[in-house]
Structures are given as structure tokens and as C-alpha cells.
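Written below as C-alpha cells is the structure these notes are about.
Throughout, read-outs are computed from the coordinates displayed, never taken from laboratory work. Since this is a predicted model, take the numbers as computed values, not measurements. Cβ coordinates were reconstructed from backbone atoms using ideal geometry, including for glycine residues, and neighbour counts include every protein chain displayed.
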Amino acid sequence: MNNFVYYNPTQLIFGKGQLSMLKEKAQQLGTTVLMVYGGGSIKRSGLYDKILALLSDAGCRVLELPGVEPNPRLSTVKKGIDICRQEGVDWILAVGGGSVIDASKAVAVGVPYEGDVWDFYSRKATPNGALPLGTVLTLAATGSEMNRGSVITNWDTQEKHGASTTFPTFSILDPENTFTVPRDQTIYGMSDILSHVFEQYFTHTTEIPLQTRFAESIMKTVIENAERVLANPEDYDARANILYCGTMALNGTLPVGVTTDWATHSIEHAVSAVYDIPHGGGLAIIFPKWMRYVYRENVSRFVRFATEVWNVDPTGKTDDEVALEGIAATEAFFARIGAPTRLADYQIGEEKLQVMAEKATPFGPIGNFKQLHSEDVAQILRMAL
Ligand code: NZQ
Ligand code: ZN
């Protein structure tokens, strides 16, 4: 096991009816709040009205930044920074999925920074200070509600990068607020959650039984609940379990003491920077191909994955056969829940494959399980066509 320091200050407020806690939280954070949201799902679900009522009870003056795009854009973030500066905003409330939260984090760290907020994403600077941020999560996927990651797209340069920004002060997660998530977004969310676990599970670090079993528990819980939530989108317990898995998959619990990978995320970010596809959809396509490309680097880890997560019976089989059966089971699962399986599902062909391979590796080779250069990325993308 590697040395580690673990720190996570986000207060997680989870469960039915927990939105009522917003009033008290708002009173702690200040009177002028910027409420950030997406394309209107919160208005259709009624959440918008409930939140405005609670903020009004708390005595808040509410400004709004609507229209955050899925794969949130730098231009929208800059609008938010301008509002905060002009209006003297005290804190930010993100209401939505990962995109809304990520954009809000970018606004939060952009306000006190004199330079261009993109500097944080292009690795020219690191944030030093942020406005406080609270979130009301409406979609199980990214874990952004309890980590300090933020992923922003600069559409002018077709670059999509993550940065370490700021932890939310609090996040309110009521599974009922995820009942209205459409079927495709539910599938993408579950693909993203599993992918976060994969990134941290496939490692060469040894003697990490607890981290390994934590990861396997999350994977099994998602797999067990996936078809249940798709059959009945208002199944409270299935939604609650997926939601909790989403947070635990990327709140810093899994990587402690472990050398993690994250190459597949860089590859997917390059694809969505060019084609603006849903993050979880891209991951469902690319991850199994990455697995096939790299599994020989540590076959025994893939054997464990196959036997523990997918119940592959190893009797009479070589390690290679067992490992490949586990990868095939992963592919079959994604296909069974209706996730995309090929880039062609998004009308992506060979044309910009080289461009994407370069964009995936702008700061040098990616990944730790196997270091990948742009030629490797191109091969993986070719397998995904
Ligand atoms: O915009 P609205 O109208 O709200 O609709 C959204 C959006 O169209 C809709 N939606 C969300 N909650 C809903 C709902 N529709 C009905 N009912 C609800 N309750 O779902 C659509 C997708 O939302 P989005 O926020 O884009 O999805 P997600 O949470 O998957 O976030 C994806 C973004 O997060 C980044 C991705 O790259 C992508 O940009 N990531 C962020 C990470 C982080 N900060 O730690 C890590 C991830 O690996 C990921 O890269
Ligand atoms: Zn992800």
C-alpha cells in the first residue's frame, strides 16, 4: 500500500425530504446566492420552486445562472464569474448533475482569481481560494458532489480538461430528485460510476485488500441495481443505492494508498471535446477496449475482477481465458442495460481519430496501469469504431 493523506470536508446530506436542510445551510453561508442550473429539468420537476421557497425563507437574495450545458462550457462559467463579481455574491448553489456542479466549482474558484479561469484547466495555475459552494444533486454519476474535481470544455479550442478546484461545503442528495432522470442519462450515469471504480481498481499496487473490496462492493451494488432502476425509475431503494455508489466511487475513498489509472477518462474527454457526446456513453464504449488493450500488464488483477465481480468460474481455464471472460461480461453488461457499445453509435468514424488521440495526451503519456502514448490511444479508439 502507498502512503496517503485523506481529507474530505463535504457534508453529505442524504435521503428523502432532506432538502428541508437547505434553509439552515443557506443561513450559514450568506444572503446573496447565485443559483446555477441546467437546461430546465429542475423547473419541470418542481425542484426549482421548492428551492426558491426555501431560499426565500432563509432571507436570501437569489441571482440565477441558468442554461449550463451537459459538458459545461467555459463561456457559461465566465458569465457566472461576472455575475458574482458585479452582484457581490456570497455563495453558490448548484442544482443539477455533474455539469452544473462542475460549472459552479469553476465559477467559485474563478471569482477571486485575477487571471483567466481556464488557466486552472490548462495547468497554468492552481486555485487559491473559492466562494463557498453548496449542491443539490439530481443525477447519480460523477461524484462531483463530494470531490473537488471540475471538468470544463473550452469549445473555441475543442479542449476538455479537469482541474482540482474546490469541495462543496454541503451536498443534498434526495434519491427522489433522481426519479425524473431519463433512461439514457440513468444508463450513462451508471456507466460513469462503474468507470470511476475501474480507473481506481486496475492497479499494480499490492496489499490493498480493503480498497479492493470497497471497489468490488460498489461495482456489485451498481450491477445488482441497474436493471431494477431501469425497470422502475421510481424505485426509491434502487435509486438510493445507485446514488450512494456514485458518491462513494469518486469521493476519495477508493484511491487511498493506490496508484490509480485515469487514462480512459482522458480518452473520453478528448472524444467529447471534439464530438460533444455524453461522458458516460463514451466511457461505456471505450472502457472494455482499454481493458482488452492493457489486461496483460497484470492478468491476475483481471482474473480477480472476473471471478469476484462477474462470478466467472475459473475451473479448467487459463488466466488469460478467465480475464477475457471478465472483460466480455463487462461488455455484455453495458449492452444489456442499453449503453452504446461503438463510436459508430454516435456517428463517429475514423476522420478525427488522430486528432482525438493527440488531444487525449496533451500533457504527455496517460495512465499508470499501462502508460499510453497517442499511438496507443489511436489503437484503442480504432478498436472502438
Ligand atoms: O440540464 P438539465 O435540464 O438539468 O438536464 C440534465 C442534462 O440534460 C439532465 N438531468 C439531470 N438531472 C435530471 C435531469 N433530467 C431529468 N431529471 C433530473 N433529475 O441530465 C442531462 C445530463 O446532465 P449532466 O450534468 O451533464 O450529467 P452528469 O452528471 O453525467 O455530468 C457529466 C459531466 O461531468 C463531468 C463529465 O465529463 C461531464 O462534463 N465529470 C465530472 C467529474 C467530476 N467533477 O468529478 C468526474 C467525471 O468523470 C466526469 O468527467
Ligand atoms: Zn467519469
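Between amide H atoms placed 1.01 Å from N, distances below 5 Å from VAL36 occur with LEU65, LEU93, ALA94, VAL95, all of them 5 or more places distant or on a separate chain. Using only DSSP helix segments of four residues or longer, with each worth -39500 (n - 2.57), what per-residue ellipticity at 222 nm results for the chain after dividing by its residue count and rounding to 500? It comes out at -15000 deg cm²/dmol, rounded to the nearest 500. Per residue, the average separation of C-alpha pairs within less than 8 Å and at least 6 apart gives the stretch 320-385 a relative contact order of 31 percent.
Computed from the Cβ-Cβ distance with R0 of 25 Å, the FRET efficiency linking THR307 to ALA335 stands at 0.75.
A simple spin-label model places pseudo-atoms 7 Å from Cα toward Cβ; at ARG123 and ASN8 they are separated by 2.6 nm. In terms of packing, defined here as the mean over residues of other Cβ atoms within 10 angstrom, the peptides 370-379, 282-291 line up highest first as 282-291, 370-379. Annotation: the antiparallel percentage among DSSP beta bridges lying fully within the chain is about 25.
Rounded to the nearest 0.05, the FRET efficiency derived from the C-beta distance between ASP276 and ASP82 at R0 = 25 Å is 0.55.
Extending 7 Å from the Cα toward the beta-carbon at both ALA328 and GLU227 defines two label points whose distance is 1.9 nm. For chymotrypsin sites (Phe, Trp or Tyr not before Pro), the sites in the stretch 324-385 that DSSP calls loop and that have at most 12 other Cβ atoms within 10 Å are PHE363. Ranked by the mean number of other Cβ atoms within 10 Å of their residues, highest first, the peptides 44-51, 126-133 fall in the order 126-133, 44-51.
What is the sum of charges, Lys and Arg at +1 and Asp and Glu at -1, for the other residues whose Cβ falls under 12 Å from the Cβ of ASN298? Computed value for this residue: +1. Each peptide in 143-152, 106-115, 224-233, 307-316 was scored by the mean count of other Cβ atoms within 10 Å over its residues; highest first, the order is 143-152, 106-115, 224-233, 307-316. Placing dummy labels 7 Å off each Cα toward the beta-carbon, the span from THR318 to PHE363 is 3.9 nm. Secondary structure note: in the stretch 11-177, about 20% of the DSSP beta bridges are antiparallel.
Over the stretch 275-337, Cα pairs under 8 Å with separation of 6+ residues give a relative contact order of 34 percent.
Summary value for the chain: 16 percent relative contact order, contacts being C-alpha pairs under 8 angstrom separated by 6+ residues. Only the Cβ atoms of Lys and Arg (+1) and of Asp and Glu (-1) were treated as charged; on that basis the dipole of the stretch 1-113 about its Cα centre amounts to roughly 160 debye. Taking 0.36 nm per residue of sequence separation and removing the Cα-Cα distance, the LYS50/GLU234 pair yields an extension gain of 64.3 nm.
Counting lysine pairs in the stretch 11-177 that sit 8 or more residues apart in sequence, or on different chains, and whose Cα atoms lie under 18 Å apart gives 12.
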